[in-house]
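Report on the structure given below.
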Amino acid sequence: MHTQDLWRSVLQRLQPTISRANFVTWFQHSAVLELTESGCLRVGVPTAFARDWIASKYATKILQAAKELDSAVLDVELAVEAALADSDTRAVDARQLAAAESDKSVRKIRNQNAVTVTAGGAISAALHAGSTFAQFVPCEENRLAHAASVSVARRPGQTYNPLVIYGGVGLGKTHLLNAIGHETLACDATKKVVYLTAEMFTNEFVAATKKLKTDEFRRRYRDADVLLLDDVQFFEGREKTQEEFFNLFNALHAAGKQICVTSDRPPSELAELMDRLRSRLSWGLIAQVEAPGYESRLAILESKTRQKRAILDPEVLQFVALNVTGSVRELEGVLNRALAEADLLDRQPTVRRVAQIIEQLDRRERLIGAPARAEQPEQARTPQDFIELTARHFGLSPQALSSDSRTKDIKTARGVAMYLIRDQLGLGLADIGRRFSRNHATVLHAIQRINDDLKSDAALLRRVNAVKAELGL
Ligand code: ADP
Ligand code: MG
């Protein structure tokens, strides 16, 4: 692949994982300068600021994507190339790339007839991309809801109509609803699937009424083959909207079209819903999703870790499953945080670290099976801690750092330890020197070199961040 095409492909992969604004800001006018014989992909950006930011946030992702696209790539290096800013032909136009990508997704969905694009375009009724059955972990607590969802998606309108799924927040209702939509379309791409929340329905209806366009509003949903309405409890107390939905429900149901609804309570407890609508909701099947128990939480964590192609210590997963007992959303939150740290800081999450993450997210009083408090005192860090940890990260003994040796690795490790002690503890140069049997000029020189290298060497930056993170900085 031509290097320029390679870079465009890398960016196309990166883009969905980054907000549009960040994508344009950081990758505008970037380019691949060369792919060296030794497999180093040299990426140029116009400013040092962009280089540093990309190095700390996106270097791992870039390397991963580039490796997948071209196995010759072994390493990524970022360099500042000011010329790229002035319409250099090598540079990509990130703005255009981002625009092209979003056009594509809209077109794709339109062709599939998957959604009803609303008049103003303000309310999108698109299905959530990642919420498919393949990504859903069926378990004890959601078995009926899952089985019924699959059944409905395969034969819409013919089995349970309506299907009502209810349960607390973060337990997979929205996920199942979207999965029904994806599966329906996978079986028959000509089907018209409409997903929207009761809140969107309400807002659209109110807007249509104001503009005297209720006929148009009605037509939009009456030809749906599958109507997926999320969070029906939002209709409580909104009589006009309920009336409108009631009529839509009747029309679709009579025509043999599938209706699926979610709710945070069983329909019988939706006190502010009109009787007629409540009774309609119990015509088909009502299935509950419950909070997952320990085994299910573990299974969900394992599945999500696999999906993200990450590997975590079984102990870590068990610890999370034991302590995060609320919703699946909370489980995901802790897992994502741990995986993000592993990715960005190049640090394998430990039980101790996830315990901290859980506490931060949730201020729980006591963690089950957590390392005893005494093991993690809020103790001040000493220069010796920095020396030991840095040495460990470089696979060296602490003594090696103060030895006479000038091998590259030892020199770098020594420099990093000096840099961190200076930066974090603010010790004087001579004081630092004594700990490494060096004079103050040598220390100054070593620290300056690390400072310079950090600006261009992403691998070094990751190492320094990893040592800092281990020290809780
Ligand atoms: P709800 O709509 O019930 O509040 P969501 O469907 O939004 O909950 O689920 C919250 C998060 O948890 C989503 O990211 C969803 O993908 C995930 N999730 C919930 N249940 C499961 C499950 N059984 N398997 C995999 N992911 C799940
Ligand atoms: Mg939801």
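The values are calculated or read from the model by the stated rules, or taken from the named source; none is laboratory data. Here the structure is a predicted model, which means the values were calculated and not measured. When we count neighbours, we look across all protein chains shown, and the Cβ atoms used for this are built from the backbone with ideal geometry, even at glycine.
Taking each residue of segment 446-463 that is in contact (Cβ under 8 Å) with a residue 24 or more places away in the chain and looking for partners that are outside any helix (DSSP H, G or I) and of a type in the set (A, V, I, L, M, F, W, C) with beta-carbon atoms closer than 8 Å, six or more apart or interchain, yields SER456/LEU78; SER456/ALA79; ALA458/VAL76; ALA458/LEU78; ARG463/PHE394.
With the requirement that a residue be closer than 21 Å to ARG278 by Cβ and within 16 Å of ligand 2 (Cβ to nearest atom), what does segment 143-165 give you? Correct list: ALA145, LEU163, VAL164, ILE165. Within segment 304-341, if we keep just the residues that are assigned to a helix (DSSP H, G or I) and among the β-branched types (Val, Ile, Thr), the residue that is farthest from ASN142 (Cα to Cα) turns out to be VAL316. For segment 231-269, the tally of residues that are closer than 22 Å to GLU290 by Cα and either part of a helix (DSSP H, G or I) or not β-branched (Val, Ile, Thr) (or both) stands at 12. Residues in segment 256-269 that are within 16 Å of ligand 2 (Cβ to nearest atom) and crowded, with 19+ Cβ neighbours inside 10 Å: CYS260, VAL261, THR262, SER263. Kindly check whether there is at least one residue in segment 166-179 that is within 15 Å of ligand 2 (Cβ to nearest atom) and basic (Lys, Arg). Scanning segment 166-179 turns up at least one residue that is within 15 Å of ligand 2 (Cβ to nearest atom) and basic (Lys, Arg).
This table checks each residue for (1) under 29 Å from THR174 (Cα atoms); (2) surrounded by 15 or more Cβ atoms within 10 Å (Cβ to Cβ); (3) at pLDDT below 90.
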site	(1), (2), (3)
ASP313	no, no, yes
LEU317	yes, yes, no
LEU331	yes, yes, no
LEU335	yes, yes, no
ARG347	no, yes, yes
ARG353	no, yes, yes
ILE358	yes, yes, yes
ALA380	no, no, yes
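Results for (1) in a helix (DSSP H, G or I); (2) within 16 Å of ligand 1 (Cβ to nearest atom); (3) within 30 Å of ALA291 (Cα to Cα); (4) touching a residue at least 60 places away in the same chain (Cβ under 8 Å), shown as yes or no for each residue.
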residue: PRO138; (1), (2), (3), (4): no, yes, yes, no
residue: HIS146; (1), (2), (3), (4): yes, yes, yes, no
residue: GLY157; (1), (2), (3), (4): no, no, yes, yes
residue: TYR160; (1), (2), (3), (4): no, no, yes, yes
residue: VAL164; (1), (2), (3), (4): no, yes, yes, yes
residue: THR174; (1), (2), (3), (4): yes, yes, yes, yes
residue: ILE180; (1), (2), (3), (4): yes, yes, yes, yes
residue: THR202; (1), (2), (3), (4): yes, no, yes, no
residue: LEU212; (1), (2), (3), (4): no, no, no, no
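Checked against (1) away from ligand 2 (no atom under 16 Å from the Cβ); (2) part of a loop (DSSP other than H, G, I, E, B); (3) over 23 Å from ALA126 (Cβ atoms); (4) in contact (Cβ under 8 Å) with a residue 40 or more places away in the chain, ILE300 passes all but a single condition, namely (2).
Looking at SER71, SER38, just one residue is polar (S, T, N, Q), without any contact (Cβ under 8 Å) to a residue 12 or more places away in the chain, over 22 Å from GLN96 (Cα atoms) and not in a helix (DSSP H, G or I), and that residue is SER71.
Tell me, please, whether a residue that is more than 15 Å from ligand 2 (Cβ to nearest atom), among the charged types (D, E, K, R) and touching an Asp or Glu at 6+ places or on another chain (Cβ under 6 Å) can be found in segment 219-231.
There is no residue in segment 219-231 that is more than 15 Å from ligand 2 (Cβ to nearest atom), among the charged types (D, E, K, R) and touching an Asp or Glu at 6+ places or on another chain (Cβ under 6 Å).
Output the residues belonging to segment 280-289 that are over 24 Å from the mean Cα position of the chain (by Cα) and either more than 19 Å from ASP264 (Cβ to Cβ) or within 16 Å of ligand 2 (Cβ to nearest atom) (or both). Give the steps one after another, and end with the answer.
If we filter segment 280-289 for residues that are over 24 Å from the mean Cα position of the chain (by Cα), which is where we start, we get 280-288.
Within segment 280-289, TRP283, ALA287, GLN288 meet the criteria.
Does segment 215-224 contain at least one residue that is buried (at least 16 other Cβ atoms within 10 Å of the Cβ) and touching a Pro at 6+ places or on another chain (Cβ under 9 Å)?
Residues of segment 215-224 buried (at least 16 other Cβ atoms within 10 Å of the Cβ): 217, 220-221, 224.
Narrowing the set further to residues that are touching a Pro at 6+ places or on another chain (Cβ under 9 Å) leaves none.
Checked against the condition, which is being buried (at least 16 other Cβ atoms within 10 Å of the Cβ) and touching a Pro at 6+ places or on another chain (Cβ under 9 Å), segment 215-224 yields no hits at all.
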